[in-house]
Amino acid sequence: MVDHAELFLYSMNNMRRRKMRSWLTVIGIVIGIAAIVTLISVAQGLSNSINEQLKSFGSNTVVVIPGDIRQQLSPFGGAARPPSVGKLFKNDEERIGRIAGVDLISSVINSRASIDFKGNLVTASISGVEPSVFEGSQNIELEQGRFLTDTDKHTAVIGYNIAYDTFGKQPVQVSSVLSIGKEGTRFRVVGVLKKAGSTGSTDSAIYIPLEDARDLAGSSITPNEVSGIRFVAKEGFEVQEVVDEVNYELLSAHHVREEDKDFSFLTAAFLQEQVATITALLTLFLGGVAGISLVVGGVGIANTMFMSVLERTREIGILKSIGASNEAIQEAFLIESGLIGLSGGIIGVLLGLLFSIIGGALGVPTAVGIELALFAIFFSFAVGIISGYLPARNASKLPAIVALRYE
Amino acid sequence: MLSLKGIEKIYSTGSVSVRALDGITFSIREGERVSIIGPSGCGKSTLLHILGLLDVPTGGSLMLDGTDVSTLNETELAQFRGRKIGFIFQSFFLIPSMDAISNVALPMMFYDVPAAERLQKAQKMLGRLGMGDRLHHVPSELSGGQRQRVAIARALVNEPTLLLADEPTGNLDSRSGEEVLKIFDELSAEGKTIVIVTHDPSIAKKSPRVIRLKDGKIEKDERKK
């Protein structure tokens with residue numbers, strides 16, 4: 001039996017003999033692995049951050065919105081049909097409210113409007129909500145002040161970013177006054193939300209009472225129209241079953257069939273599914289792009305190993321003449337190529353980690369799991385072995401006397 | 001311990017085939033010292049490679065230590081080569097990146113010899129050949145005669161039953177050559193079986209048995225008294 005440890009040292013020694021070439025080959029793998037780790041960590045980070053936002057949505061919360069979003073969201077769906085346009089009305093809310101299992105139902109009116117704060121003008125989206133029900137169905141944490149109440153008029157609760165970012169240096173605080181809309185209706189800020197997350201949706205939210213929002217929207221919505229209806233599935237009811245009931249009720253109310261339906265449901269499960277599909281595609285795409293560079297790195301290893309075999313042809317003959325078996329020769333070269341792959345993988349993972357940390361510091365959501373790191377290292381080792389296989393086999397199959405005669 | 005029967009080696013390159021060895025039959029007893037001589041191209045190197053299991057004959061049979069080597073697979077051949085045969089080459093064939101002691105220890109790497117024991121044995125063998133003060137010199141730091149002594153140490157370290165030398169003094173000046181031949185004398189006196197391929201008549205003269213090849217055939221096989 002060959003002494004594997006000694007063979008390992010022999011291979012290490014050979015790599016050291018051609019330090020420059022070994023390192024250049026390692027760099028080829030480093031680039032590929034670092035790219036894979038970085039890009040996948042971005043995709044993963046994106047997925048995590050979206051899922052984090054979805055958590056605030058609440059797993060029992062359902063939002064009904066106008067139009068059919070199925071075709072728009074599905075990454076595989078063709079745009080064969082334009083999304084049906086539809087509208088939701090206050091009486092839809094009443095119908096839904098009568099269904100068993102529906103709790104904490106409220107309407108939302110969304111609009112975009114210009115907002116003026118001490119001369120700074122920005123356009124932002126504003127949500128009109130029914131305060132007490134909304135507060136009950138959503139996890140709301142305030143940094144300062146209070147949330148809206150049902151009796152409020154011309155008051156606003158703003159997200160963290162609106163308070164500290166949107167209007168430049170001057171923070172918007174409780175008691176600050178925002179002028180909203182064409183007519184510059186004055187809204188007094190009564191509360192600021194806590195920071196939700198890196199790109200948390202509520203961080204950029206502005207909540208005002210529903211009827212104020214209707215006034216702001218003016219003629220852009222018809223009377224009694226709403227932008228969305230929120231409700232919570234009661235404890236003890238399956239969210240999907242409640243959604244099916246509501247679906248049936250709305251289909252008959254709108255006189256449409258399932259295929260032509262003009263409304264959609266947003267549930268945590270649905271959104272998570274969509275996000276998972278999209279981020280999986282993103283991961284695959286980014287990983288694939290980075291994978292190409294890893295293939296190039298693998299070709300580099302194969303190239304180096306062929307060179308290595310060529311310039312050590314005589315040495316292979318000598319080893320065979322003193323009793324090295326074909327397997328031992330093959331193993332020696334595989335150790336060499338495997339080591340190149342492995343060291344490239346380890347350095348690549350560290351570099352990718354560094355990039356992810358830098359990216360994270362710059363505000364790009366990133367996440368490197370131990371699985372990703374281990375996978376990348378294992379994968380690079382495998383690339384080394386696969387790339388080295390053919391050269392190593394060639395070396396081992398060299399007839400001893402031919403190798404010895406080689407000049 | 002070594003017997004050849006009708007060994008043939010035919011090289012074919014395309015339509016041309018060359019008969020390098022043509023019905024070689026002889027046997028060598030344990031402890032014998034044999035020189036194989038002949039003009040260049042007579043097939044003596046090919047014969048040595050076949051004796052050393054580096055090459056496979058196209059015909060005939062070769063028995064080494066009671067084993068018909070044609071029955072061995074490649075891995076077994078490698079083991080046989082490492083355990084039973086020590087090779088000494090004209091141009092030494094040391095591994096240039098390794099120092100003397102590592103070169104000598106190398107053949108033991110392929111067997112179950114613990115690392116510490118390997119180095120110990122290699123050191124002892126180098127010491128025996130007067131190289132005890134050059135253990136950590138790489139080949140490029142050694143003279144030709146010294147390199148050949150390292151190569152001989154490497155050939156001997158696995159205690160082979162058969163020592164094969166291919167023009168062992170061919171690349172040495174006459175003084176170093178003399179020294180190497182003296183080593184062969186000593187080994188012979190210890191009872192080692194040695195086969196030397198050479199075209200140097202002075203080496204042949206020292207051998208008690210000389211096999212002369214011509215055109216792939218044995219022209220003469222004579223034993224001196």
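The values are calculated or read from the model by the stated rules, or taken from the named source; none is laboratory data. Fair warning: this is a prediction, and the values are worked out from it, not measured in the lab. Reconstructed Cβ throughout: ideal geometry from the backbone, glycine too, with neighbour counts over all protein chains shown. The protein model used for the area step is the full one, side chains on, heavy atoms only, and it has no ligands, DNA or RNA in it. Shrake-Rupley method; radii C 1.70, N 1.55, O 1.52, S 1.80 Å.
The figures follow:
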{"quantity": "Note, ³J(HN,Hα) from phi for the stretch A:216-230, Karplus 6.51, -1.76, 1.60, rounded to Hz, x at Gly and Pro", "calculated": "4, 5, x, 7, 6, 10, 7, x, 6, 6, 10, 8, x, 10, 9"}
{"quantity": "With Cα atoms, 0 to 90° folded angle of helix A:19-57 axis to chain A main axis", "calculated": "20"}
{"quantity": "Peptide B:84-91, shielding by other chains (average Cβ, 10 Å cutoff)", "calculated": "2"}
{"quantity": "Per-residue average of Cβ from other chains inside 10 Å of A:23-33", "calculated": "0"}
{"quantity": "Shielded residues, the stretch A:361-401 - accessible-area loss of 10 Å² or more between chain alone and all protein chains, probe 1.4 Å", "calculated": "A:Ala400, A:Ile401"}
{"quantity": "Dipole magnitude of the stretch B:2-223 about its Cα centre (Cβ charges: Lys, Arg +1; Asp, Glu -1), debye to nearest 20", "calculated": "320"}
{"quantity": "Cα centroid separation - the stretch A:358-407 against the stretch B:3-25, whole Å", "calculated": "44"}
{"quantity": "Angle in degrees between helix A:268-311 and the longest Cα principal axis of chain A, rounded to the nearest 10", "calculated": "20"}
{"quantity": "Rg(Cα) / (2.2 N^0.38 Å) computed for the stretch A:138-271, rounded to two decimals", "calculated": "1.28"}
{"quantity": "Degrees between helix B:74-84 axis and first principal axis of chain B (Cα, 0 to 90, nearest 10)", "calculated": "60"}
{"quantity": "Inverse of mean 1/r across different Cα pairs in the stretch B:2-223, Kirkwood, Å", "calculated": "18.0"}
{"quantity": "Semi-axes of the equivalent ellipsoid for the stretch A:254-369, Cα gyration tensor, largest first, Å", "calculated": "53, 19, 11"}
{"quantity": "The stretch B:6-129, Cα convex hull volume normalised per residue, Å³", "calculated": "163"}
{"quantity": "For the protein assembly as shown, size of Cβ-based charge dipole, Lys and Arg +1, Asp and Glu -1, in debye", "calculated": "3480"}
{"quantity": "Per residue accessible area in Å² of the protein assembly as shown, where ligands, DNA and RNA are left out and the probe is 1.4 Å", "calculated": "47"}
{"quantity": "Carbon and sulfur %, accessible surface of the protein assembly as shown computed with the full protein complex present, 1.4 Å", "calculated": "57"}
{"quantity": "Rounded to 5, the percent of DSSP beta bridges in the stretch B:2-223 classed as antiparallel", "calculated": "60"}
{"quantity": "Helical mean residue ellipticity (222 nm; -39500 (n - 2.57) per DSSP H run of 4+; nearest 500) of chain A", "calculated": "-18500 deg cm²/dmol"}
{"quantity": "Among A:Phe378, A:Gly291, A:Ile318 - extreme Cα towards positive end, dipole of the stretch A:268-407, charges at beta-carbon", "calculated": "A:Ile318"}
{"quantity": "DSSP-defined beta bridges in the protein assembly as shown - what % are antiparallel, rounded to 5", "calculated": "70"}
{"quantity": "Solvent-accessible area buried by A and B, counting both chains, probe 1.4 angstrom, square angstrom", "calculated": "2300"}
{"quantity": "Signed unit charges on C-beta, dipole axis of the protein assembly as shown, positive-most listed residue A:Gly191, A:Ala43, A:Pro223", "calculated": "A:Ala43"}
{"quantity": "Taking the C-alpha atoms of the stretch B:114-173, convex hull volume expressed per residue in Å³", "calculated": "90"}
{"quantity": "Farthest toward positive dipole pole in chain B [+1 Lys/Arg, -1 Asp/Glu at C-beta], among B:Ser176, B:Tyr11, B:Thr75", "calculated": "B:Ser176"}
{"quantity": "Members of the stretch A:286-327 that become less accessible by 50 Å² or more once partner protein chains are added (1.4 angstrom probe, chain alone as reference)", "calculated": "A:Ile318, A:Ser321, A:Ile322, A:Gly323"}
{"quantity": "Equivalent ellipsoid semi-axes - Cα gyration tensor, the protein assembly as shown, angstrom", "calculated": "89, 25, 18"}
{"quantity": "Members of the stretch B:46-78 that become less accessible by 50 Å² or more once partner protein chains are added (1.4 angstrom probe, chain alone as reference)", "calculated": "B:Leu54"}
